[in-house]
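Notes follow once the structure below has been shown.
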Amino acid sequence: MTLILGIETSCDETAAAVVEDGQSILSNVVASQIDIHRRYGGIFPEVASRQHILSITPVVEEAVGEARVSWDDLEAVAVTYGPGLAGSLLVGVNAAKGIALGCGLPLLGINHIEAHIYANWLPSLPPPALLPPKVGGIEGGGGKRGGSIVFPVLCLVVSGGHTELILMSGHGQYQRLGGTLDDAAGEAFDKVGRLLGLDYPGGPAIEQAAQYGDSTAFDLPRAWLGDSYDFSFSGLKTAVLRIVKAHERQLPVVNLAASFQMAVVDVLVEKAKRAAEEYGAKQILLSGGVAANKLLRQEMAGRSDLPVLCPPISLCTDNAAMVAGAAYFRYQAGYRSGWDLDVIPNLKLAREVQ
Ligand code: KG4
Ligand code: ZN
C-alpha cells in the first residue's frame with residue numbers, strides 16, 4: 001500500500017489529498033478562491049498567492065486528518081510545480097518541501113497537465129468493483145463504455161489555462177499534437193461569460209444559461225485551421241463581442257450562450273476525434289475544468305466510435321487527488337525530485353517524455 005500526499009496550488013485552488021496506490025482517494029480537500037476572485041471577474045495572481053499562504057497549512061492538515069492516516073504512514077509528497085502562476089506554485093512547492101524534509105519522505109514534482117490526465121485513473125461511478133477487468137493498464141475513471149484504460153489514448157486537456165491534444169502511448173509517454181494559439185477553452189468561456197454579464201467563472205454559468213437557449217440561433221465561426229491540431233478561440237470571442245454590441249438593449253443571453261458553447265464543443269470534439277483516428281488511439285480521455293461540461297462529454301461520446309472516458313465532474317477542475325494519482329505511477333517508475341525543485345510556470349508536458 002503506497003500512500004501519497006498530493007498538493008496543488010497552481011492557480012486559484014488550494015488543494016491537498018491523500019491517495020492510496022494511485023486509485024483510492026482517502027481524502028480530497030479543495031479550498032476554492034472563486035468567491036474572492038469573482039469581484040475582479042478573473043484570477044488576480046497576487047491575491048491568489050497570498051490566499052494560498054493562508055490556506056495551505058489548514059488544507060494539508062485537513063487532508064491528512066480526513067484520510068485517517070498519520071504522517072508516518074505517508075510514503076511520498078507530490079506537488080504541482082508547473083505550469084501555472086509562479087507565485088501560486090511557489091506556495092505549494094515550498095510547503096511540499098517542508099513536509100517532505102520534516103517527515104523524511106521523497107518529493108515528487110508533478111506537471112499539472114499530467115495530473116489532469118491522471119484524474120481519469122481515479123475512481124468514479126460505477127464503483128471499482130463493478131468495472132470490467134483490467135486491460136493493459138489499471139482501472140480508470142468510469143466513462144461511457146467501460147472503465148479500463150488501454151494505450152495509446154488520445155488526451156484532450158481543456159481547462160482555464162490549457163487546451164492540449166496529447167497522444168499518450170504509455171505511463172509518462174506523451175506526444176503533443178496541438179494546442180491553443182491564443183485563449184484556452186476555459187479562458188474563452190470565462191471571457192464570453194463576462195461579455196454576457198454572467199457570473200464568474202464563465203464555464204458553469206454559460207452551461208447553465210445554455211440549457212434554455214437554441215444552439216443554432218447564431219452562426220458563430222469555428223476556427224478549423226486546416227489540418228492542424230491547434231486551436232484558436234479569439235475569432236469566436238470577437239464574433240460574440242460584435243453580437244453583444246449590436247444587441248446592447250436586449251441581449252439574447254441564453255441563445256448566445258448556447259451557440260457559443262456549441263461552437264467551442266464542435267471544434268474540440270472534431271479535432272480530438274480526427275487525431276484519435278489518425279494516430280490509432282484506442283480511447284479518448286477528457287480532462288480539465290472544461291471537461292465538466294455536459295455537452296462536451298455527450299458530444300464527444302456520441303460522435304466518436306471510440307470509448308470516451310472522463311473523470312467525475314468534481315475531479316475535472318483543479319484538485320490534489322489527481323496530483324497524488326499521477327505521482328503514484330512516477331513513484332513506481334523510480335522518479336524523484338531533488339530539493340532544488342523549482343516552479344516552472346510555463347512547464348511543457350513534452351519535457352516529461354521518457
Ligand atoms: O482545470 P481548472 O479548474 O483550472 C485550470 O487548470 O485552468 O479549469 C477551470 C476552467 C475555467 O475556465 C472554467 O470556466 C472552466 O474550467 N469550467 C467549465 C465548466 N466548469 C469549469 N467550462 C465549461 N463548462 C463547465 N461546466
Ligand atoms: Zn487545472
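The values are calculated or read from the model by the stated rules, or taken from the named source; none is laboratory data. Note that the structure is predicted; figures quoted are calculated from it, not measured. We place every Cβ from the backbone using ideal geometry, glycine too, and count neighbours over all the protein chains shown. Side chains included, ligands, DNA and RNA excluded: accessible areas come from the protein's heavy atoms. Shrake-Rupley method; radii C 1.70, N 1.55, O 1.52, S 1.80 Å.
Taken over segment 1-26, the criterion of being out of contact with any helix residue (DSSP H, G or I) (no Cβ under 7 Å at 6 or more places or on another chain) and away from ligand 1 (no atom under 15 Å from the Cβ) is satisfied by MET1, GLU20, SER24, LEU26. Evaluated against (1) of a type outside the set (A, V, I, L, M); (2) surrounded by 15 or more Cβ atoms within 10 Å (Cβ to Cβ); (3) more than 15 Å from ligand 1 (Cβ to nearest atom); (4) modelled with pLDDT of 95 or more, SER70 falls short on exactly one condition, (2).
Tell me which residues, restricted to segment 48-63, are among the hydrophobic types (A, V, I, L, M, F, W, C) and either surrounded by fewer than 22 Cβ atoms within 10 Å (Cβ to Cβ) or over 14 Å from ALA320 (Cα atoms) (or both). Passing the criteria: ALA48, ILE53, LEU54. Could you tell me whether any residue of segment 166-175 is within 14 Å of ligand 1 (Cβ to nearest atom) and closer than 18 Å to GLU270 by Cα? So far as segment 166-175 goes, no, none of its residues is within 14 Å of ligand 1 (Cβ to nearest atom) and closer than 18 Å to GLU270 by Cα.
Mind checking which residues of segment 208-219 are closer than 20 Å to LYS294 by Cα and not in a helix (DSSP H, G or I)?
Residues satisfying the conditions are GLN211, TYR212, GLY213, ASP214, SER215, THR216, ALA217.
Entry remark, segment 154-168: residues being closer than 10 Å to ALA185 by Cα and either modelled with pLDDT under 95 or assigned to a strand (DSSP E or B) (or both) number 7 in total. Does SER259 count as at pLDDT 95 or above, more than 16 Å from ligand 2 (Cβ to nearest atom) and polar (S, T, N, Q)? When the stated conditions are applied, SER259 passes them.
Filtering segment 226-248 to residues that are part of a loop (DSSP other than H, G, I, E, B) and closer than 14 Å to ALA263 by Cβ leaves SER232, PHE233. The set of residues in segment 1-21 being surrounded by 21 or more Cβ atoms within 10 Å (Cβ to Cβ) and outside any strand (DSSP E or B) consists of THR9, SER10, CYS11, ASP12. Could you grab me the full set of residues in segment 172-207 that are open to solvent by less than 20 Å² (accessible area, probe 1.4 Å), part of a helix (DSSP H, G or I), of a type outside the set (Gly, Ala, Ser) and closer than 24 Å to CYS155 by Cβ? Selection gives PHE189, ILE206.
Matching residues to (1) closer than 24 Å to GLU187 by Cβ; (2) open to solvent by 10 Å² or more (accessible area, probe 1.4 Å); (3) away from ligand 2 (no atom under 16 Å from the Cβ):
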residue	(1), (2), (3)
ILE284	yes, no, yes
ALA292	yes, yes, no
GLU299	yes, yes, yes
GLY302	no, yes, yes
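Among the residues of segment 32-47, none qualifies, meaning not one is closer than 16 Å to GLY325 by Cα and either within 16 Å of ligand 2 (Cβ to nearest atom) or not aromatic (Phe, Trp, Tyr) (or both). Condition check for TYR40 on (1) open to solvent by 60 Å² or more (accessible area, probe 1.4 Å); (2) at pLDDT 95 or above; (3) within 15 Å of ligand 1 (Cβ to nearest atom): one failure, at (2).
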